[in-house]
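To keep things clear, I will list the structure first and then write my remarks on it.
Read-outs: derived from the displayed coordinates by stated rules, not from any lab. These numbers come from a predicted model, not from an experiment. All Cβ positions, glycine included, derive from the backbone under ideal geometry; neighbour counts span all protein chains shown.
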Amino acid sequence: MIEVKNLSKRYGQRAAVDDLTFTVRPGTVTGFLGPNGAGKSTTMRMIVGLDAATSGTVTINGRRYADHRAPLQEIGALLDARAVHPNRSAYNHLRAIAATTGIAKRRVDEVIDLVGLREVARKPAGSFSLGMSQRLGIATALLGDPETVLLDEPVNGLDPEGVLWIRNLLRALAAEGRTVFVSSHLMSEMALTAQHLVVIGRGRLIADVPIAEFTTRACVNSVRVRSPHSAALSDLLAGPDVSIASSERGVLEVIGLSIEQIGERAAEAGICLYELSPQQPSLEDVFMELTSGSVEYRATVEVAPAGKAA
């Protein structure tokens, strides 16, 4: 379990993390989300003692990271996949860590096989692709067979097979009763992997909820209606509290009426419907809405007219 209490980190007048409090519990994959500059990496670094907090506390299984006699057996972390000596092989990198922390040599072979690096284990880590480096970083995090796993952007650089592998791995670790805390900017993947979310913006807590609750708390649900008589149906459904949009021919997105209300009105008017289905907002939709006021960096993109150079 990771317990963060009133945690703050300041760099001069700038607050990177501002009075943050949350708990990451065992048996669940907890996603850590936030825009660039939100303070996610700083928070993770403070959890494992790489950055000192200005105020507040962080404990892992009841103790500060530095107070554990065998910290790698309590929490395994991946913060920078490239933090490996480029001339050292993957095997020797893991073997050196194991030898200096009292971890058995056989565990090195176990994690190499677990992450799928057996064929390249003797090659220099500096020759690895980003995806291979991520696998080595995950192997390092799991080397001590820790009860708590902390991973910062672990799917960066992975191919589709690798993404599926890490998704299944994280869920399997949580199913064993471990604490799993993972950050990512890939909303679609987080929606498939996490059961709970901690969302921050500008260093402050925005949400700490189960993912199912998160996706229903912000955006208004709509109803997708497909009909060969969409124009007539739009006129029929129009009202002061009803919003109707059309992104493609014959399809309406209706907000303000339930499926039952739309179906009954269409039936009474004799209008044929090909589709009538609820449209819940995606994790990305809700995330963008809730963090819109916390985005530190915004880009302005101008699209050149067709046929003209940008």
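Structure notes:
- Cα-Cα P(r), region 106-224, percent of pairs per 5 Å interval: 2, 9, 18, 21, 17, 13, 9, 5, 3, 2, 1, 0
- Span from the region 131-153 Cα centroid across to the region 21-92 one, whole angstrom: 11
- Neighbour count of at most 12 Cβ within 10 Å plus DSSP loop: longest GluC sites (Glu not before Pro)-free window in the chain: 1-175
- Each principal axis of the Cα atoms in region 222-280 has its own extent, and those three values, largest first, are 25, 22, 18 angstrom.
- Label-to-label distance, nm, for residues given as Arg69 and Asn6 (7 Å Cα→Cβ offset): 3.2
- Selection of trypsin sites (Lys or Arg not before Pro), region 186-293, meeting DSSP coil and at most 15 other Cβ within 10 Å: Arg217, Arg249
- Given R0 = 22 Å, the distance between the Cβ atoms of Asp113 and Gln195 translates into a calculated FRET efficiency of 0.20.
- Distance between the 7 Å Cα→Cβ label points at Ser246 and Arg25: 4.8 nm.
- Compared with the alpha-carbon gap, the fully stretched path from Arg265 to Asn156 is longer by 34.4 nm at 0.36 nm per residue.
- Alpha carbon Rg of region 69-159, scaled by the compact-globule rule 2.2 N^0.38 Å: 0.98
- Whole-Hz couplings from phi, Karplus 6.51/-1.76/1.60, listed for region 250-263; x for Gly and Pro: x, 10, 10, 10, 10, 10, x, 10, 7, 4, 5, 5, 5, x
- Candidates Leu114, Leu290, Leu273: whichever shows maximal mean-square fluctuation once the chain is modelled as a Gaussian network with Cα springs under 10 Å: Leu273
- For the residues Leu143, Leu78, Leu50, a GNM of the chain with alpha-carbon springs under 10 Å puts the largest fluctuation on Leu50.
- Exposed loop sites here mean chymotrypsin sites (Phe, Trp or Tyr not before Pro) with a DSSP loop assignment and at most 15 other beta-carbon atoms within 10 Å; the chain contains its longest site-free run at 1-273.
- Here is the P(r) of region 1-64: all C-alpha pair distances, binned every 10 Å from 0, give 22, 57, 20, 2 in whole percents.
- Cα-Cα pairs of region 52-99 separated by more than 16 Å (percent): 57
- Backbone phi angles across region 156-165, fed through the Karplus curve with coefficients 6.51, -1.76 and 1.60 (θ = phi - 60°), yield HN-Hα couplings of 4, x, 7, 7, x, 5, x, 4, 5, 4 Hz in residue order; Gly and Pro are listed as x.
- Inter-label distance for Gln279 and Thr100, nm, one decimal - labels placed 7 Å from Cα along Cα-to-Cβ: 5.5
- Largest GNM mean-square fluctuation among Val199, Val24, Val286, using the chain with Cα springs under 10 Å: Val286.
- The chain: antiparallel DSSP beta bridges as a percent of all, rounded to 5: 65
- Applying both filters, DSSP loop and at most 11 other Cβ atoms within 10 Å, to the trypsin sites (Lys or Arg not before Pro) of region 108-139 gives Arg122.
- Fully extending the segment from Glu176 to Ala83, taken as 0.36 nm per residue of separation minus the present Cα-Cα distance, adds 30.7 nm.
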